[in-house]
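Engineer: Let me begin by handing over the structure; questions about it come next.
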Amino acid sequence: MSLDWEYFFSLFTMASFYKACVTVVILSTLSWILGLGLGFVVACAKMSTSRWMNIPAGVFIWFFRSVPLLVVLVFVYNLPQLFPSTGPYLGVAFISGLVSLVITEAAYMAEIHRSGLLSVAKGQREAGHALNIGFLGIQRLIIIPQAIRISMPALINEYVTVIKLSSLVSTISLVEILQVGQRLYSQNFLVMETLLAVAVYYVAIVTIFGSVLQWVEKKLDVPSRKPETLTDSKCAELRKQATAIPMRENVDTKGLPPALNLKKIRKQFGDHEVLKQIDMQIKIGEVVSIIGPSGSGKTTLIRTINLLESLNGGEVVLFGEDFIKGGQKPNSKTVRQGLQRIGMVFQSFNLFPHKTALENIMLAPRYHGKPQDKEVNRNQALYLLDRVGLLAHADKYPHQLSGGQQQRVAIARTLALSPDIILFDEPTSALDPEMVGEVLKVIQDLAKEGMTLVIVTHEMDFALSVSDRVVMMEHGVVQADASPAEITNANSETPDLLRAKQFMGIES
Ligand SMILES: Nc1ncnc2c1ncn2[C@@H]1O[C@H](COP(=O)(O)OP(=O)(O)OP(=O)(O)O)[C@@H](O)[C@H]1O
């Protein structure tokens, strides 16, 4: 048997096939876009802590992933028999096909979105929280853009699947490519030639639209972008545009309440009591280093101060005003106002990987509308980048920067909101030794300028040189709280300070 090639090639000049191609493209694209949106809502519902949301979302995903599309199609198309009022809509094959494809695709895409959302590191949310960005802002600016990028290859694959699945819509008499072919071969019986042409049409659509989406994916792919280090002349030009950020003025702090007053702070994880009634006062402009053995509760202590961890007991008073109380639901207005005054720098930097160094700094001020003007926002970010010595790297993405550079950008990002207090959580622990110095220098400069700093650190020499006070924690309690001089001069008459001295490796 030989194929009728003349007939085969004639099928590529038939208007009905081209019209059917347009139907397939419109149906698939609409199904993909709507499935993408509905899938995202279902994914969020499934990840919600509310059972009223996550159980129905789970059932939706389970059910529509289990039922074949053909069954859904026939069911939806025949729904008007049960609900006649839906007739004008679902009686239209295109609409029934669209609804069925969207529902089925949403169930698949929900799982793709969920895996994308779960792959965004926890530290990204924490960085957003530390910049006082609200839940929706964190989702919109930080989580969703990253999740979409992670899910993009799988989502593009779904587009190809939708194009192929759209051929099933022929069963409810929608005139799409397969339906046109079926009508032809039922008249001329040239089944092989016709189906071969149908296959070519599908392959062409998948190839063209698949390539477009792959191009979009490439454009969105941050690791493939390679912005260069800026030249000296470009830096000089940017330096002219840089605008100093209005910092809080140094005021006479005499008689003012402490910046931070921690009263009987208690924190437990399950039965493990990590912080046992910690009392601590930190004056305005004071630099306090918190040291202690691993697991003593240092990080947990500073995380409770900016609500990354909830308190089980005690309270935090900020500049003389109530901020958070253990066991009570925090007042969101008080928390928002308080968090504006506290910045935090993390051990693992937590820069936003989809933003350049400059954009990382611009993000929070832009969100808070201070300054309102985008140009001023950019110029202030340039100033801060220059201040940490990284102006030449303004356009680079975090993955192009060394650890030390990333940490300096993270400090500049914190400074962009002009905080009154900065909490540092082991800012140099994740750095190679040769990069530690450059970060400590930036912190030292902040200390000299009178910024209130609380630094959890294992850098003992740095703690001694930069701090007004060193607090040593052990087993969730404050073991010693004294000036570097007092610790250095400790002897057997001051056993707690002597313990801190020994821990810091200071020789007698
Ligand atoms: N989310 C958590 N869930 C359960 N336990 C936790 C959690 N976070 C911290 N812990 C526990 O609390 C204790 C104190 O941890 P924390 O990180 O505050 O110690 P640290 O003094 O900062 O230690 P390191 O110097 O090693 O960072 C540890 O025993 C730790 O396992």
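The values are calculated or read from the model by the stated rules, or taken from the named source; none is laboratory data. In this text the structure is predicted, and so the values were computed from the model without any measurement. Methodologically, a virtual Cβ is constructed for each residue, glycine included, from the backbone with ideal geometry; neighbour enumeration extends over all protein chains shown. The area values use the complete protein model at the heavy-atom level, side chains included, leaving out ligands, DNA and RNA. Shrake-Rupley method; radii C 1.70, N 1.55, O 1.52, S 1.80 Å.
Engineer: Considering Cα pairs under 8 angstrom that are at least six residues apart, work out the relative contact order of the chain and quote it in whole percent.
Structural biologist: RCO, the chain: 15 percent.
Engineer: Something else: Per residue Cα convex hull volume for the range 256-395, in cubic angstrom?
Structural biologist: Values: hull volume 21.7 nm³, N = 140.
It comes to 155 Å³ per residue, whole-number rounded.
Engineer: Which order do peptides 402-412, 236-246 fall in by mean Cβ count within 10 Å, highest first?
Structural biologist: Ranked from most to least packed, the peptides come out as 402-412, 236-246.
Engineer: Moving on. Before I look further, what does the chain give for accessible area per residue, probe 1.4 Å, in whole square angstrom? All intermediate terms of the calculation are to be shown ahead of the outcome.
Structural biologist: On the way: 24330 Å² over 508 residues.
Dividing the accessible area of the chain by its residue count gives 48 Å².
Engineer: Considering only the range 309-454, what is the antiparallel percent among its DSSP beta bridges, to the nearest 5?
Structural biologist: Counting only bridges with both partners in the range 309-454, antiparallel ones make up about 35 percent.
Engineer: Further question on the same structure: Return the ratio Rg/(2.2 N^0.38 Å) for the range 99-240, where Rg is computed over Cα atoms only.
Structural biologist: 1.59
Engineer: A further question follows. Collect residues whose amide H, placed 1.01 Å from N in the peptide plane, falls under 5 Å from the amide H of Gly314; neighbours closer than 5 in sequence don't count.
Structural biologist: Arg266, Gly326
Engineer: At a 10 angstrom cut-off on C-beta neighbours, averaged per residue, how do the peptides 170-181, 126-137 rank from highest to lowest?
Structural biologist: In decreasing order of mean packing, 170-181, 126-137 become 170-181, 126-137.
Engineer: Under the rule a/c < 1.5 gives rounded, and otherwise a/b versus b/c splits prolate from oblate, where does the range 195-267 land using the Cα gyration tensor? Walk me through the numbers on the way to the answer.
Structural biologist: Values: a/c = 5.91, a/b = 2.12, b/c = 2.79.
Oblate, because a/c is 1.5 or more while a/b does not exceed b/c.
Engineer: For the chain, what proportion of DSSP beta bridges, expressed in % and rounded to the nearest 5, is antiparallel?
Structural biologist: 55 percent
Engineer: In square nanometres and to one decimal, what's the mean projected area of the convex hull around the Cα atoms of the chain?
Structural biologist: For the chain, averaging the hull's shadow over all directions gives 33.9 nm².
Engineer: Indicate the gyration tensor shape class of the range 360-508 (rounded, prolate or oblate), computed on the Cα atoms with a ≥ b ≥ c the square roots of the eigenvalues: a/c under 1.5 is rounded; otherwise a/b larger than b/c is prolate and the rest oblate.
Structural biologist: Verdict is prolate for the range 360-508.
Engineer: So, how do all the Cα-to-Cα distances of the range 5-220 break down into 10 Å bins, in percent, from 0 on up?
Structural biologist: So the P(r) values, bin by bin, are 8, 27, 30, 21, 10, 4, 1, 0.
Engineer: Around Asp445, under 14 Å between beta carbons, what's the net of Lys plus Arg minus Asp minus Glu among the other residues? Present the calculation step by step, with values, prior to reporting the outcome.
Structural biologist: Numbers: positive: Arg387, Arg408, Lys441, Lys448; negative: Asp386, Glu438, Glu449.
Neighbour charge sum, excluding Asp445 itself: +1.
Engineer: Continuing with the same structure: What is the distance, in nm, between label points placed 7 Å from the Cα along the Cα-to-Cβ direction at Ser233 and at Phe8?
Structural biologist: Taking the simple label geometry, Ser233 and Phe8 are separated by 6.1 nm.
Engineer: On to the next question. Exactly which GluC sites (Glu not before Pro) in the range 401-508 are in a DSSP loop and have at most 12 other Cβ atoms within 10 Å?
Structural biologist: Answer in residue order: Glu449, Glu493, Glu507.
Engineer: In whole percent, how big is the carbon plus sulfur part of the accessible area of the chain, probe 1.4 Å, protein atoms only?
Structural biologist: Taking all protein chains in place, the chain shows 58 percent carbon and sulfur surface.
Engineer: For a quick protection proxy, order the peptides 156-163, 326-333 by their average other-Cβ count within 10 Å, most packed first.
Structural biologist: On the way: 156-163: 19.2, 326-333: 11.4.
Ranking, from highest mean packing down: 156-163, 326-333.
Engineer: For the range 5-220, what is the relative contact order in percent, using Cα pairs closer than 8 Å and at least 6 residues apart in sequence?
Structural biologist: Reported relative contact order: 29 percent.
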